[in-house]
Amino acid sequence: KKINIRLDLYEDCLTGNVGAISSDNPAIISIFDSVGSRIITDTVYFYSQAVQPVTYDSSCIATPPSVCLLDARYSKVFLLPASDTNVIVSYQRCCLNGTLVNLVNPAIMGITMMLHLTPRSLVGTNSGPVFRAFQNKLLCVNHPFVYDNSASDADNDSLSYFLAPGFESPENITTASPQPPNPPPYVPLPFLSPATYQNPISGSTPITIDPTTGIISGVPDQVGNYMLTVGCVEWRGGLVLDTIFRTSRFIVAARELPVPPTVDSIVLEPNPSYKSFTLSYRLNAREVVSYEFYDCLGRLYNEWIDSGMQEIGMHQVTFTPVCHGIYFFKAFIGPKVFTYKLVRL
């Protein structure tokens, strides 16, 4: 069975060791069976190398800190014998970025990058999932973020996502790049309490990943560099084909610009109206929203309490009184209450 293995290495080209980065070509990859017996070891050379541009929220960060991320991409076709057990593809490297605040001793910690293949993925034709291009995005402290860590699959197989622990390279700093890589099983990376791989970034709103879309979101509440690993599982007919992993550094920067109001651009129109009224507003943060509608005697005419948590962006609600007259409308947006007098002609 021919399989095309792709490896993406993201390296710190600002403070990283230049000699270590240049020594990553070629990369040494090994393939093991489920009990750790080595099947193949071979060299893989990168086919592209580029510095990733930095993106950031200009409403929060005026001058981004100096960041350089080098994306080196490797690819090679391997010929695997038929297997009735799982297969693990492995590459190992030391060391992680020493500024990571959610790991124990990252500067002397190696990492194992791997993927899991089931026997089903080695039969017939299958195009495994591929993560979308990594975005070198700066996050802002105490500011909501949404990050798309999804993958695509050429066969339109089902994909699911989860936060994964990441795994050590057994030799760590002893050997920068073990040749050949050490066999499994691999030990999870040690997170610095209270961080865990399921809660890797300190946040007032916990950092989570949508298992269906691969969207990561949350509100980080401490400045620093964080490591986060995402696993993506490919399914077909309710059965797992393979699992790929991506380990990334997320930088949370200090806020430089004033915090925007929770809600702005709030407009109610037309008023007076011959039929309906529409309230439009923009949320700059996720908020719980509800509405109340009263007649001129103060009696609750209608109530919408099912709006619940609303996402960042523009929102609208339209209401149509049955009778002519004067009404009062209240919008509860987070801690704020907006009250309007309405005239139905």
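Hey, which aspartates and glutamates would be in cross-link range of residue 76, C-alpha to C-alpha under 16 Å, not counting anything within fewer than 8 residues on its own chain? Excluding near neighbours in sequence, the set is 8, 24, 42. The label point for residue 2 and the one for residue 134, both projected 7 Å from the Cα toward the Cβ, are 2.9 nm apart. Between residue 273 and residue 58, the simple spin-label model (points 7 angstrom out along Cα→Cβ) gives 3.4 nm. Result for the chain in a Gaussian network model with C-alpha springs under 10 Å: among 241, 79, 100, the largest mean-square fluctuation is at 79. R0 = 41 Å: FRET efficiency of residue 48 with residue 221, Cβ-based, nearest 0.05? Once the sixth-power term is evaluated, E becomes 0.65.
Applying 1/(1 + (r/R0)^6) with r as the Cβ-Cβ distance of residue 330 and residue 198 and R0 = 30 angstrom yields a FRET efficiency of 0.15.
Take every pair of alpha-carbon atoms less than 8 Å apart whose residues are at least six positions apart; their mean separation over the length of the chain yields a relative contact order of 15 percent. Based on C-alpha pairs under 8 angstrom that are at least 6 apart in sequence, the range 225-336 has a relative contact order of 21 percent. If exposed chymotrypsin sites (Phe, Trp or Tyr not before Pro) are those in a DSSP loop with at most 16 other Cβ within 10 Å, what is the longest stretch of the chain that has none? Here the longest segment lacking exposed loop sites spans 135-273.
Semi-axes of the equivalent ellipsoid of the range 134-203 are 27, 21, 13 Å, computed as sqrt(5λ) over the eigenvalues of the C-alpha gyration tensor in descending order. Using only the alpha carbons of the range 231-345, what is the convex hull's orientation-averaged projected area in square nanometres? Mean projected area of the Cα convex hull: 12.4 nm². For the chain, pairs of C-alpha atoms spaced more than 31 angstrom apart make up 46 percent of the total. Note on residue 338 and residue 155: the model spin-label points, each 7 Å out from Cα along the C-beta direction, lie 5.0 nm apart.
The relative contact order of the range 49-134, computed from alpha carbon pairs under 8 Å that lie at least 6 residues apart in sequence, is 24 percent.
Every read-out reported here was derived from the displayed coordinates using simple, explicitly stated rules and does not represent laboratory data. All figures in this text were calculated on a predicted structure; none of them were measured in a lab. Don't worry about glycine lacking a Cβ; one is built from the backbone with ideal geometry, like all the others, and counts go over all protein chains shown.
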